[in-house]
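Comments concern the structure below.
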Amino acid sequence: MIEFKKVKLNINNIDILSDISFSIADKKTVCFLGNKSSGKTAILKLISGIYKSFEGEILIDGIDIKKEHKLKVGILNDRIEIDNDISVYDYLSFYGNIYHTKDKNELDTFIDDKLSEFSLMSYKHTFLGQIDKETYKFIDLIRVLIDDPDIILFDNIFFGDNVEYHERMYNYIKTMLKKKTIIFASRNTNFIEDICDYYGILDRGHLVIFDKKNEVHRYADIANKIEVEIISNVDSAVNILKNNKSVVDISYSDNNITFSIVSSEDDKHIKSIESSILKELIDNGVKVYSYRKQQVRFEQLFSG
């Protein structure tokens with residue numbers, strides 16, 4: 001369990017975080033969302049111990065991290081700050097020796113196995129300054145995994161338009177779900193929306209909301225909003241929607257109807273409701289031209 005209790009962070013007389021409170025249960029996947037300077041990366045740096053001076057309390061399994069940091073935490077930073085003149089193997093070996101979790105033979109075997117798993121064995125003796133950012137991210141992930149951390153923090157790891165990199169990173173992260181506590185800091189929900197249990201929305205150092213994904217969707221009023229274009233029988237369609245207990249916020253103009261779906265259940269149940277509504281409209285003679293979710297993202301809702 002990770003707990004933030006009224007945490008304030010000020011750096012160089014600038015308020016980075018203001019009275020932040022939340023808790024994350026073990027082995028959950030969380031994403032902190034926000035624009036630049038919202039404070040999302042600061043939360044990761046506090047959990048990892050990079051930032052040590054703050055007000056309030058941060059507890060991990062009930063222990064104040066200012067006094068003791070028992071759980072192992074690994075972080076993949078957004079920025080690359082490394083010695084370009086060190087080889088991939090030497091880089092990983094250096095951190096493996098710092099962690100002291102494996103002897104030399106175990107460490108060498110682990111490095112080779114992971115390099116092979118990520119199809120990076122050819123980079124083993126390549127200098128870090130000679131590899132691209134995407135490849136470095138996988139090298140750095142191996143560095144984090146050497147210590148077998150309980151908590152893994154990912155800071156803006158989905159970037160650019162390299163589809164292969166995105167898919168490989170996403171697929172590997174999926175293998176760790178429910179096994180480790182995973183926390184993202186991101187400017188959008190691309191690639192991670194379907195794997196996050198909780199969202200935290202930050203705006204200029206303030207935590208706007210922290211809750212289960214469905215609750216945050218409902219708060220933002222974006223996830224379950226449907227747009228329907230009707231060819232005929234618009235009045236009939238509106239009446240059907242008004243009589244459905246899962247439908248709220250109905251609005252319409254000409255042949256276009258917009259409404260939201262409310263449900264305390266998971267995404268699978270919501271999709272089932274969407275399908276049943278469409279079927280009901282068609283079964284009652286409503287001619288539907290299109291039926292789709294509105295394409296609105298969290299990052300469009302907050303400035304900063």
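The values are calculated or read from the model by the stated rules, or taken from the named source; none is laboratory data. Values in this document were obtained by computation on a predicted structure and should not be read as measured data. All Cβ positions, even for glycine, are placed from backbone atoms using ideal geometry, and neighbour counts span all protein chains on display.
If you check Gly160 against the conditions, is it small (Gly, Ala, Ser), more than 30 Å from His100 (Cβ to Cβ) and assigned to a loop (DSSP other than H, G, I, E, B)? Here the answer is yes, as Gly160 does meet what is asked.
Tell me, which residue of segment 104-134 that is modelled with pLDDT of 95 or more, part of a helix (DSSP H, G or I) and within 24 Å of Val163 (Cβ to Cβ) is farthest from the chain's Cα centre (by Cα)? Top of the filtered list is Ser122. Only residues that are farther than 23 Å from Ile173 by Cα and polar (S, T, N, Q) were counted across segment 94-121, and they come to 2.
For residues in segment 84-100 being of a type in the set (S, T, N, Q) and loosely packed, with under 15 Cβ neighbours inside 10 Å, which is nearest to Arg143 (Cα to Cα)?
So the first thing to find is which residues in segment 84-100 are of a type in the set (S, T, N, Q), and the list is 84, 87, 93, 97.
Next cut, loosely packed, with under 15 Cβ neighbours inside 10 Å only: 84, 97.
Values: Asn84: 16, Asn97: 11 Å.
The selected residue is Asn97.
Please verify whether Ile58 is touching a strand residue (DSSP E or B) at 6+ places or on another chain (Cβ under 6 Å), crowded, with 22+ Cβ neighbours inside 10 Å and touching a residue at least 40 places away in the same chain (Cβ under 8 Å), treating the condition exactly as stated.
Working: touching a strand residue (DSSP E or B) at 6+ places or on another chain (Cβ under 6 Å): yes; crowded, with 22+ Cβ neighbours inside 10 Å: no; touching a residue at least 40 places away in the same chain (Cβ under 8 Å): yes.
No; evaluated as a whole, the condition is false for this residue.
Can you tell me which residues in segment 233-288 are among the β-branched types (Val, Ile, Thr), touching a residue at least 24 places away in the same chain (Cβ under 8 Å), surrounded by fewer than 17 Cβ atoms within 10 Å (Cβ to Cβ) and in contact with a Ser or Thr (Cβ under 7 Å, 6 or more places away or on another chain)? Thr258, Val262 - these are the residues of segment 233-288 that are among the β-branched types (Val, Ile, Thr), touching a residue at least 24 places away in the same chain (Cβ under 8 Å), surrounded by fewer than 17 Cβ atoms within 10 Å (Cβ to Cβ) and in contact with a Ser or Thr (Cβ under 7 Å, 6 or more places away or on another chain). Does segment 207-224 contain any residue that is within 17 Å of Leu44 (Cα to Cα), touching a helix residue (DSSP H, G or I) at 6+ places or on another chain (Cβ under 9 Å) and of a type outside the set (A, V, I, L, M)? Yes, segment 207-224 contains a residue that is within 17 Å of Leu44 (Cα to Cα), touching a helix residue (DSSP H, G or I) at 6+ places or on another chain (Cβ under 9 Å) and of a type outside the set (A, V, I, L, M).
If the condition is being closer than 13 Å to Val7 by Cα, part of a loop (DSSP other than H, G, I, E, B) and over 20 Å from the mean Cα position of the chain (by Cα), then segment 27-66 contributes Tyr51, Lys52, Ser53, Phe54, Ile65, Lys66.
Please verify whether Ser37 is closer than 18 Å to Asp155 by Cα, hydroxyl-bearing (Ser, Thr, Tyr) and at pLDDT below 90, treating the condition exactly as stated.
Yes.
Residues of segment 102-136 that are surrounded by 15 or more Cβ atoms within 10 Å (Cβ to Cβ) and either among the aromatic types (Phe, Trp, Tyr) or touching a residue at least 40 places away in the same chain (Cβ under 8 Å) (or both): Lys102, Phe110, Phe118, Tyr123, Phe127, Leu128, Ile131, Tyr136.
Only one of the listed residues (Gln294, Gln300) is farther than 30 Å from Ala42 by Cβ, at pLDDT below 90 and either surrounded by 15 or more Cβ atoms within 10 Å (Cβ to Cβ) or not aliphatic (A, V, I, L, M) (or both). That residue is Gln294. Only one of the numbered conditions (1) at pLDDT 90 or above; (2) in contact with a helix residue (DSSP H, G or I) (Cβ under 7 Å, 6 or more places away or on another chain) is violated by Asp85, and that is (1). Could you list, in sequence order, all residues of segment 171-194 that are modelled with pLDDT under 90 and either on the phi < 0 side of the Ramachandran plot or in contact with a strand residue (DSSP E or B) (Cβ under 6 Å, 6 or more places away or on another chain) (or both)? Of everything in segment 171-194, those that are modelled with pLDDT under 90 and either on the phi < 0 side of the Ramachandran plot or in contact with a strand residue (DSSP E or B) (Cβ under 6 Å, 6 or more places away or on another chain) (or both) turn out to be Ser186, Arg187, Asn188, Thr189, Asn190, Ile192, Glu193, Asp194. Applying the condition of being closer than 20 Å to Lys40 by Cβ and of a type in the set (Lys, Arg) to segment 170-190 and asking which residue is surrounded by the fewest Cβ atoms within 10 Å (Cβ to Cβ) yields Arg187. Pairs linking a residue in segment 152-163 that is more than 13 Å from Thr135 (Cα to Cα) to a residue that is of a type in the set (Ser, Thr, Tyr) and not in a strand (DSSP E or B), with Cβ atoms under 8 Å and 6 or more positions apart or on different chains, are Leu153/Ser48; Asp155/Thr41; Asn156/Thr41.
Taking the listed residues Ile261, Ile226, Ile257, the one that is at pLDDT 90 or above and under 15 Å from Arg292 (Cα atoms) is Ile257, with no other qualifying.
Might you let me know whether segment 86-100 holds any residue that is over 22 Å from Gly200 (Cα atoms), among the hydrophobic types (A, V, I, L, M, F, W, C) and touching a strand residue (DSSP E or B) at 6+ places or on another chain (Cβ under 9 Å)?
Initially, segment 86-100 is screened for residues over 22 Å from Gly200 (Cα atoms), giving 86-100.
With among the hydrophobic types (A, V, I, L, M, F, W, C) added as a condition, the list becomes 86, 88, 92, 94, 98.
So of that shortlist, the ones also touching a strand residue (DSSP E or B) at 6+ places or on another chain (Cβ under 9 Å) come out as 86, 88.
Yes, because at least one residue in segment 86-100 is over 22 Å from Gly200 (Cα atoms), among the hydrophobic types (A, V, I, L, M, F, W, C) and touching a strand residue (DSSP E or B) at 6+ places or on another chain (Cβ under 9 Å).
Taking segment 157-169 as the range and being farther than 30 Å from Lys104 by Cα and surrounded by fewer than 17 Cβ atoms within 10 Å (Cβ to Cβ) as the test, the residues that pass are Phe159, Gly160, Asp161, Asn162, Val163, Glu164, Glu167.
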